[in-house]
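> First the structure, which I've put down as structure tokens, then a few questions once you've had a look.
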Amino acid sequence: LTFDQVVHAVEDNNRNVGGGNIREGTRSLLVQGVGRTVNIEQIKDIMIVAKGGVPIRVADIGDVTIGSEIRRGAVTADGRGEVVMGLGFMLMGENTHRVTSAMKARMEEIKATLPANIEVLTVYDRTELVDQVIHTVEKNLFEGGLLVIAVLFAFLGNIRAALIVAVAIPLSMLFAFSGMLRFGISASLLSLGAIDFGMIVDSSVVMIENCVRHIAHGESSGRSKIDIVRDAAVEVRKPTMFGELIIMIVYLPILTLEGVEGKMFHPMA
């Protein structure tokens, strides 16, 4: 008697088999052979082979007991096994904070029904990452504004010029967020992380510095400050515009990415 014979005998005698149907007039009766075992005794009575007219059953060659299920994986936490992990999936277009808050409220209801020795812990909360990204952007916005004001005031000695450049930061952010809202780009780690505060104030610094220089040199000419500022802005606008276009062109190849890479890096471009 081989091990394969035992396996095949148990498999063949532990299944339900369809037998087609029988038509009786307007009725159609489905035929099914019910052979699936429902308890240990039925498994013991399965005949493997017959030797000399004597049937050999599973109970004749060994013990039949309920054992543990074959392990196909493991979930651990802090090096400890035998934990159960659950994942919450968010539908496309949903808000992370709203979905997470609803999940936490639901988990509090579930905790009340669990035994006292079962502890429910949050392993990963996506809102923490989103909050960190937003906090980083706010911090960079605040620090960038202060640095711009300090540097320009130190080099130009004009607090009004420094404040004008600093105003360019929130205005640029406003236009950027309006575009993200218009094209359905979410505030993710890549989309917010791609904001370059140095690039935002670069053209403004060049423009203001040139205006201050022209005003200082043109006060004795008798021309109005409006005319001087307009001519100074026109003088440097074309070079600064080409510089902005060159930086924008750098991101164009990213828009050609497809698949997973495209989904990841398109928001950055």
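The values are calculated or read from the model by the stated rules, or taken from the named source; none is laboratory data. The model shown is predicted, which means the values in this text are computed figures rather than measured ones. As a convention, Cβ positions derive from the backbone with ideal geometry for all residues, glycine included, and neighbour counts pool all protein chains shown.
> Which of the residues spanning the stretch 10-28 are in contact (Cβ under 8 Å) with a residue 12 or more places away in the chain and more than 49 Å from the chain's Cα centre (by Cα)?
19
> Which of the residues that make up the stretch 181-227 are in contact with a Ser or Thr (Cβ under 8 Å, 6 or more places away or on another chain) and modelled with pLDDT of 85 or more?
Passing the criteria: 206, 207.
> Counting just the residues of the stretch 121-139 that are polar (S, T, N, Q) and in a helix (DSSP H, G or I), which one comes out farthest from residue 97 (Cα to Cα)?
By that ranking, first place goes to 136.
> Only one residue in 70, 48 is hydrophobic (A, V, I, L, M, F, W, C), touching a strand residue (DSSP E or B) at 6+ places or on another chain (Cβ under 8 Å) and under 30 Å from residue 7 (Cα atoms), so which one is that? Walk me through it before giving the result.
Numbers: 70 fails: touching a strand residue (DSSP E or B) at 6+ places or on another chain (Cβ under 8 Å).
Testing whether each residue is hydrophobic (A, V, I, L, M, F, W, C), touching a strand residue (DSSP E or B) at 6+ places or on another chain (Cβ under 8 Å) and under 30 Å from residue 7 (Cα atoms) leaves just 48.
> Go through (1) in contact (Cβ under 8 Å) with a residue 24 or more places away in the chain; (2) of a type in the set (A, V, I, L, M, F, W, C); (3) touching a strand residue (DSSP E or B) at 6+ places or on another chain (Cβ under 7 Å) for residue 83 and report which single condition fails.
(1)
> Could you pull out the residue among 184, 179 that is outside any helix (DSSP H, G or I), exposed (fewer than 12 other Cβ atoms within 10 Å of the Cβ) and under 33 Å from the mean Cα position of the chain (by Cα)?
Unique residue meeting the criteria: 184.
> So, one more: In the list 155, 142, which residue meets the criterion of being surrounded by 12 or more Cβ atoms within 10 Å (Cβ to Cβ), assigned to a helix (DSSP H, G or I), among the aromatic types (Phe, Trp, Tyr) and assigned by TED's automatic domain parsing to the domain that holds residue 181?
Unique residue meeting the criteria: 155.
> Which count do you get for residues in the stretch 86-104 that are surrounded by 10 or more Cβ atoms within 10 Å (Cβ to Cβ) and of a type in the set (A, V, I, L, M, F, W, C)?
Total satisfying the criteria: 4.
> Give me the residue from the stretch 123-139 that is closer than 24 Å to residue 107 by Cα and under 14 Å from the mean Cα position of the chain (by Cα) and, out of that set, surrounded by the most Cβ atoms within 10 Å (Cβ to Cβ).
130
> Have a look at 112, 102 and point out the one that is over 30 Å from residue 192 (Cβ atoms), of a type in the set (A, V, I, L, M, F, W, C) and without any contact (Cβ under 8 Å) to a residue 40 or more places away in the chain.
Answer to the selection: 112.
> Still on this structure: Would you check if residue 165 is modelled with pLDDT under 80, touching a helix residue (DSSP H, G or I) at 6+ places or on another chain (Cβ under 8 Å), surrounded by 13 or more Cβ atoms within 10 Å (Cβ to Cβ) and more than 30 Å from residue 80 (Cα to Cα)?
So residue 165 fails the test.
The rows are residues; the columns are (1) within 25 Å of residue 114 (Cα to Cα); (2) part of a loop (DSSP other than H, G, I, E, B).
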| residue | (1), (2) |
| --- | --- |
| 59 | no, no |
| 63 | no, yes |
| 72 | no, yes |
| 82 | yes, yes |
| 92 | no, yes |
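> Would you confirm whether or not the stretch 49-72 contains a residue that is under 51 Å from the mean Cα position of the chain (by Cα), hydrophobic (A, V, I, L, M, F, W, C), closer than 30 Å to residue 123 by Cα and at pLDDT below 85?
Yes, there is a match, as at least one residue in the stretch 49-72 is under 51 Å from the mean Cα position of the chain (by Cα), hydrophobic (A, V, I, L, M, F, W, C), closer than 30 Å to residue 123 by Cα and at pLDDT below 85.
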